[in-house]
Amino acid sequence: MPVKLRPSVKRVDRNTKKVTIEHSYIKQTPKKELFELLNKSVTTPKVKQKIQNELVRRGVEIVWVAKDS
């Protein structure tokens, strides 16, 4: 199974009552959004590790810079 970033969502078309399931896989997420999630303080450590693993898989080098106080 691919790694998920968020839980799956069920969407119901109100006209046809057809249910579609949308999955949010981490491999479909743009790099910019991954870096924004990585820098947020509300992101859990488990999700941060998933993001770091995905960026390594893509060949992106992560450079940590200390915040200036």
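Coordinate-derived values only; no laboratory data. Note that the structure is predicted; figures quoted are calculated from it, not measured. Counting neighbours? That spans all protein chains shown, and the Cβs are built from the backbone with ideal geometry, glycine included.
Descriptive notes on the structure:
- At q = 0.16, 0.26 Å⁻¹, base-10 log of I(q)/I(0) for the chain (Debye sum, equal scatterers on each alpha carbon): -0.65, -1.22
- Table column - 3J(HN,Hα) (Hz), the stretch 9-18, Karplus curve with 6.51, -1.76, 1.60, x for Gly and Pro: 10, 9, 10, 10, 6, 5, 7, 9, 6, 7
- A simple count of charges around Arg58, restricted to other residues whose Cβ falls under 12 Å of its Cβ and scoring Lys, Arg +1 and Asp, Glu -1, yields +1.
- Across the options Gln49, Val65, Asn15, the greatest Cα extent toward the positive end of the charge dipole of the chain (unit charges at beta carbon of Lys, Arg, Asp, Glu) belongs to Asn15.
- Neighbourhood charge, 12 Å Cβ-Cβ cut-off, centred on Leu38 and excluding it, Lys, Arg +1 and Asp, Glu -1: +2
- In the chain, the calculated helix contribution to ellipticity at 222 nm averages -10000 deg cm²/dmol per residue, counting -39,500 (n - 2.57) for every DSSP H run with n ≥ 4.
- Projected label distance in nm at Ala66 and Val12, using a 7 Å step from Cα toward the beta-carbon: 5.4 nm
- For the stretch 30-69, the dipole from Cβ point charges (+1 on Lys and Arg, -1 on Asp and Glu) about the Cα centre works out to 160 debye, to the nearest 20.
- Within the chain: Cβ-based charge dipole about Cα centre, in debye rounded to nearest 20 (Lys, Arg +1; Asp, Glu -1): 400 debye
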